[in-house]
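The values are calculated or read from the model by the stated rules, or taken from the named source; none is laboratory data. What you see is a predicted model, and the numbers here were worked out from it, not measured in a lab. All Cβ positions, even for glycine, are placed from backbone atoms using ideal geometry, and neighbour counts span all protein chains on display. Accessible surface is based on the protein model in full, side chains and every heavy atom, while ligands, DNA and RNA are left aside. Shrake-Rupley method; radii C 1.70, N 1.55, O 1.52, S 1.80 Å.
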Amino acid sequence: MMATLILNPEAEARVRAGHPWIMRHEVAKTRGQVRDGDVVAVEGRKGDHLGMATVNTRSRILARIYTRDDRPLDRDFLADRIRAAIAYRRQVLGLGPEGGVRWVFSESDGLPGLIVDQYGPCLVIQLLTLAMDQRRQVLLEILDGILSPAIVVERSDVPARQAEGLEEVRQLWKGELAGPVEIDECGVRYLADPLGGQKTGFFLDQRENRMLVRPLSAGRRVLDAFCYTGGFAVAAAVGGATEVVGIDSSSAALKLARENARRNRVAERCVFLEADVFDQLRQMEKSGERFGLIVLDPPAFAKSKRNLEGAYRGYKEINLRALRLLAPGGVLVTCTCSHHMTEELFHEMLRDAARDCAVRLRLLRKTTQASDHPILLGMPESQYLKCFWVTPLDE
Ligand code: SAH
């Protein structure tokens, strides 16, 4: 018999507004035996059916609603949802594997705990919950049936799995993979490294921002801080930057960045430095360097609410230093991929940094993650990437 969770009023209101998570303390009553990884029914306090959720008593996020209907999480349901997610990318966004695509983005596609990316012939899956982990085999079969990729890799090697009581998994499930694979992002060629790279190999979520950086870079000297494999750097060089400097602390990432520059025939205008961004910005400030465009795309400094204060200081420091490095008329593209660093807080940090270096900043635009990482409006956590495009008012 399937168990039922009866929610407290606050959780009920949140769930009705579209939020899929139920925390441990939000359950008023449980009917039946809850088994980790299984499906439970979710009810409001008057017995209304609110949906169906996967459950794991080990996790702080006790249950995740995958449908407001009453369908079981079986092969048919998973196949329907995956097909719909793929159709959205193909038909609405016009994306395909040649350019790199996120086919499935977890809660935002009604599949909590499942991420599916594809780079050319290589499919990459990431399973973040016990329920999805238990359904690995059927998920691999469904994806193989729909997409028939030559290569399938699993990159479930993320710390978030610990919270679900799961080990990290990094595994080649199909085909052979000698190294990175090439994608073509609207005319820019990048190597993605599904087995050896960070995350699933490439930061697809910055695609639309890389596209915006291209025309903005023409005729400017560009700095790409936290450049990883040179996503922004190479886009800027292709867009006509006079010189591009990329900084990252990972030598493996920089090796690919240099190769990416070569593949796009812009290597002679790109320099990649292996350094700590905090140190390097300080040094550049001392030596009086200037850039017409600066991209700051650091890793999530705020991994939890607890270290938000330290994170705020970190963001402020790099933004302050970047502002000092801007040439007259320069543009700063500053990002945060931490959902704890809310848009309001990020805004406040920028105002703070601007005041400290005595500039009046103008906001050109605000952008977010690419549309193959859709934001579920009822779930603020699903909007994790915030990018502010700012330019000082020359006094
Ligand atoms: N902008 C990239 C993604 C950046 S991911 C893209 O669009 O592809 C963040 C990067 O920051 C990682 O490559 C990581 O190696 C690097 N990093 C983290 N801390 C750093 C530090 N203190 N100094 C330099 N690089 C750092």
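Would you call Glu154 open to solvent by less than 20 Å² (accessible area, probe 1.4 Å), among the acidic types (Asp, Glu), under 29 Å from Phe232 (Cβ atoms) and touching a strand residue (DSSP E or B) at 6+ places or on another chain (Cβ under 6 Å)?
Considered against the rule, which asks whether it is open to solvent by less than 20 Å² (accessible area, probe 1.4 Å), among the acidic types (Asp, Glu), under 29 Å from Phe232 (Cβ atoms) and touching a strand residue (DSSP E or B) at 6+ places or on another chain (Cβ under 6 Å), Glu154 comes out as yes.
Return yes when Phe301 is under 23 Å from Lys255 (Cα atoms) and within 16 Å of the ligand (Cβ to nearest atom) and no when it is not.
The answer is no for Phe301.
Against the definition (touching a His at 6+ places or on another chain (Cβ under 7 Å) and open to solvent by less than 10 Å² (accessible area, probe 1.4 Å)), how does Ala302 come out, yes or no?
Taking the combined requirement at face value, the residue satisfies it.
Within the range 117-130, does at least one residue satisfy the condition of being farther than 21 Å from Leu172 by Cβ and modelled with pLDDT of 95 or more?
Within the range 117-130, one or more residues are farther than 21 Å from Leu172 by Cβ and modelled with pLDDT of 95 or more.
Does Asp356 qualify as being buried (at least 19 other Cβ atoms within 10 Å of the Cβ), of a type in the set (Asp, Glu) and assigned by TED's automatic domain parsing to the domain that holds Arg210?
no
Being out of contact with any strand residue (DSSP E or B) (no Cβ under 9 Å at 6 or more places or on another chain), open to solvent by less than 60 Å² (accessible area, probe 1.4 Å) and aromatic (Phe, Trp, Tyr) is the requirement here; does Tyr384 meet it?
Spelling it out, it is not the case that Tyr384 is out of contact with any strand residue (DSSP E or B) (no Cβ under 9 Å at 6 or more places or on another chain), open to solvent by less than 60 Å² (accessible area, probe 1.4 Å) and aromatic (Phe, Trp, Tyr).
Can you give me the number of residues within the range 343-357 that are assigned to a helix (DSSP H, G or I) and touching a residue at least 24 places away in the same chain (Cβ under 8 Å)?
So the answer is 10.
What number of residues in the range 313-337 are assigned to a strand (DSSP E or B) and open to solvent by 10 Å² or more (accessible area, probe 1.4 Å)?
So the answer is 4.
For the subset of the range 194-228 comprising residues that are of a type in the set (Ser, Thr, Tyr) and within 13 Å of the ligand (Cβ to nearest atom), which member is nearest to Asp117 (Cα to Cα)?
If we take residues in the range 194-228 being of a type in the set (Ser, Thr, Tyr) and within 13 Å of the ligand (Cβ to nearest atom), then Thr200 is nearest to Asp117 (Cα to Cα).
Among the residues of the range 265-293, which ones are within 12 Å of the ligand (Cβ to nearest atom), in contact with a strand residue (DSSP E or B) (Cβ under 9 Å, 6 or more places away or on another chain) and not aromatic (Phe, Trp, Tyr)?
Correct list: Leu273, Glu274, Ala275, Asp276, Val277, Gln280, Leu281.
Using the structure shown, decide if Thr336 is under 18 Å from Ala225 (Cα atoms), among the β-branched types (Val, Ile, Thr) and touching a helix residue (DSSP H, G or I) at 6+ places or on another chain (Cβ under 8 Å).
Spelling it out, Thr336 is indeed under 18 Å from Ala225 (Cα atoms), among the β-branched types (Val, Ile, Thr) and touching a helix residue (DSSP H, G or I) at 6+ places or on another chain (Cβ under 8 Å).
Scan the range 51-73 and tell me whether some residue there is assigned to a helix (DSSP H, G or I) and surrounded by 13 or more Cβ atoms within 10 Å (Cβ to Cβ).
Looking through the range 51-73, none of the residues is assigned to a helix (DSSP H, G or I) and surrounded by 13 or more Cβ atoms within 10 Å (Cβ to Cβ).
Read through the list (1) in a helix (DSSP H, G or I); (2) open to solvent by 10 Å² or more (accessible area, probe 1.4 Å), then give the number of the only condition that His340 fails.
Unmet condition: (1).
Would a scan of the range 289-303 turn up a residue that is assigned by TED's automatic domain parsing to the domain that holds Ala237, more than 22 Å from Val222 (Cβ to Cβ) and over 26 Å from the mean Cα position of the chain (by Cα)?
No, the range 289-303 contains no residue that is assigned by TED's automatic domain parsing to the domain that holds Ala237, more than 22 Å from Val222 (Cβ to Cβ) and over 26 Å from the mean Cα position of the chain (by Cα).
Looking only at the range 21-40, count how many residues are open to solvent by 10 Å² or more (accessible area, probe 1.4 Å) and within 31 Å of the chain's Cα centre (by Cα).
Residues that pass the stated criteria total 10.
Just for helices (runs of 4 or more DSSP H) wholly inside the range 170-268: which have at least 1 residues that are within 17 Å of the chain's Cα centre (by Cα)?
207-217, 231-238
Starting from the range 229-253, take each residue that is within 9 Å of the ligand (Cβ to nearest atom) and of a type in the set (D, E, K, R) and list its partners that are part of a helix (DSSP H, G or I) and open to solvent by less than 20 Å² (accessible area, probe 1.4 Å), counting only C-beta distances under 9 angstrom and pairs at least six apart or across chains.
From residues that are within 9 Å of the ligand (Cβ to nearest atom) and of a type in the set (D, E, K, R), the pairs are Asp248/Leu254; Asp248/Ala257; Asp248/Val277.
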